[in-house]
Amino acid sequence: MELKVPIIVFTELDESFGRMEGDEEIQDLLKASTGLNLALTYLPEAITFDPIINKVDPLLASKIVWLDSLILNVDRTSRNTNMLTWKGDLWLIDHGASLYFHHNWEAFNGGARPFPQIKKHVLPFEGYEAYGSKYGFQKDTEQKNIRRHCKSDSR
């Protein structure tokens, strides 16, 4: 899909890391993380994606919304975009809230249920005419987002 995600790396955290952290709970987590850790590549000078300032190519936006629908990512909203702009490109970060069904296997029905949280996705509804109708998306006029159109009579 050609979506940019920082690569996974190993990093060593020194025991002095986080000593100046004011929050005790976070300080405890950092102390417990001393040693070898799995991490994502640091993107120096990256800035948080702002949907008001940054415009996204409609095809790229539809790919991101599609991916987030597939992996049930509930955590890419206007309150917390979990996207960075780095060197002019959009980077996806923090997929920790994805595939949340694993917290309640009894309620999981194999993904047959619609994913209503996609209505809160941060990416604006733009370019529907160019890409949306081709891939079966419809405009949600209230939320101004892209959502998958599911026809009840398509059996």
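Within region 28-39, if we keep just the residues that are over 26 Å from the mean Cα position of the chain (by Cα) and in a helix (DSSP H, G or I), the residue that is surrounded by the fewest Cβ atoms within 10 Å (Cβ to Cβ) turns out to be Ala32. Being modelled with pLDDT of 85 or more, of a type in the set (A, V, I, L, M, F, W, C) and under 14 Å from Ala61 (Cα atoms) is a condition met by at least one residue of region 103-126. Could you check region 47-67 and list, in sequence order, the residues that are over 13 Å from Thr77 (Cα atoms) and not aliphatic (A, V, I, L, M)? Within region 47-67, Asn54, Lys55, Asp57, Pro58, Ser62, Lys63, Trp66 qualify. Could you tell me whether region 77-86 includes any residue that is in a loop (DSSP other than H, G, I, E, B), under 28 Å from Leu123 (Cβ atoms) and over 16 Å from the mean Cα position of the chain (by Cα)? No, that holds for no residue. Is it the case that some residue within region 56-71 is at negative phi, charged (D, E, K, R) and touching a helix residue (DSSP H, G or I) at 6+ places or on another chain (Cβ under 6 Å)? No, every residue in region 56-71 fails to be at negative phi, charged (D, E, K, R) and touching a helix residue (DSSP H, G or I) at 6+ places or on another chain (Cβ under 6 Å). Tallying residues that are surrounded by fewer than 19 Cβ atoms within 10 Å (Cβ to Cβ) and among the aromatic types (Phe, Trp, Tyr) within region 66-92 yields 2.
The values are calculated or read from the model by the stated rules, or taken from the named source; none is laboratory data. All values derive from a computational prediction rather than experimental measurement. Every residue, glycine among them, receives a Cβ derived from its backbone with ideal geometry; neighbour counts consider all protein chains shown.
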